[in-house]
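Input: a single structure, listed below in structure tokens.
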Amino acid sequence: VLTSVDAYIDALQLQADTARTAFLAVCEGIFSTEENLKPLHEVATVVMGQSPVGNTCNTDGIGTPLLTGPTEFTKVTVGPPRQWTSKETKLSQSGDILFCVRGATAGRINIGNYQSVIGRGLAAIRCKTHEDTDLVRYALTVGLGQLLPAAGGTIFPNISQAQLRNFKVSWPSEIR
């Protein structure tokens, strides 16, 4: 029985890997063109995180949820908060793309599902519509291969506000 279940898990993983590969191939076909390139800041608002002072942070649920990096990330949306702060600095909104900009996790992407303070390891990318959010998320996924090598940092990538804001997004003309 265990061998059968294990084989079933392997088959599902293979299907998921195949679907992910097909999805990325379609995205590359759409977002790797040189047509209709726009800097990210023309299609979305980019909010770079700012860490609150340490003594304002807590794990008691007091204040606003605080995201400092991908610890709360799940497959697609942010999981439940683990820490809070009584001092709001930079805020992300529900539906924002949360994009890791520092360290070994630079380039990881999630979607926020509640308002939160974002620390300096994250940027919130706010689009006008849900469809635009999907397009920007896909474009970022495809463009990571260009964005990460251009990031500064001696050991780990450090994507600056200018690099992220000026990241070129192929914006399909039939949408805008």
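As a summary of the residue check, residue 61 satisfies the conditions (1) on the phi > 0 side of the Ramachandran plot; (2) at pLDDT below 90 except for the one numbered (2). Listed residues 137, 120, 126; which is touching a residue at least 60 places away in the same chain (Cβ under 8 Å) and closer than 26 Å to residue 35 by Cβ? On inspection, the qualifying residue turns out to be 126.
Having 2 or more residues that are over 21 Å from residue 147 (Cα atoms) is the bar; report the strands (runs of 3 or more DSSP E) wholly within segment 15-76 that clear it.
Numbers: elements: 37-39, 45-48, 64-67.
It comes to 64-67.
Within the option set 79, 107, being without any contact (Cβ under 8 Å) to a residue 24 or more places away in the chain, within 29 Å of residue 143 (Cβ to Cβ) and open to solvent by less than 20 Å² (accessible area, probe 1.4 Å) holds for one residue only, 79. Is it true that some residue in segment 116-135 is more than 24 Å from residue 80 (Cβ to Cβ), touching a strand residue (DSSP E or B) at 6+ places or on another chain (Cβ under 7 Å), small (Gly, Ala, Ser) and buried (at least 19 other Cβ atoms within 10 Å of the Cβ)? No, the conditions are met nowhere in segment 116-135. Annotation: residue 99 fulfils all but one of (1) under 14 Å from the mean Cα position of the chain (by Cα); (2) within 30 Å of residue 29 (Cα to Cα); (3) surrounded by fewer than 21 Cβ atoms within 10 Å (Cβ to Cβ); the unmet one is (3).
The values are calculated or read from the model by the stated rules, or taken from the named source; none is laboratory data. Just so it is clear, the structure is predicted and the values come from calculations on it, not from any experiment. Quick reminder, even Gly has a Cβ in these numbers, built from the backbone with ideal geometry, and neighbours come from all protein chains shown. Side chains included, ligands, DNA and RNA excluded: accessible areas come from the protein's heavy atoms. Shrake-Rupley method; radii C 1.70, N 1.55, O 1.52, S 1.80 Å.
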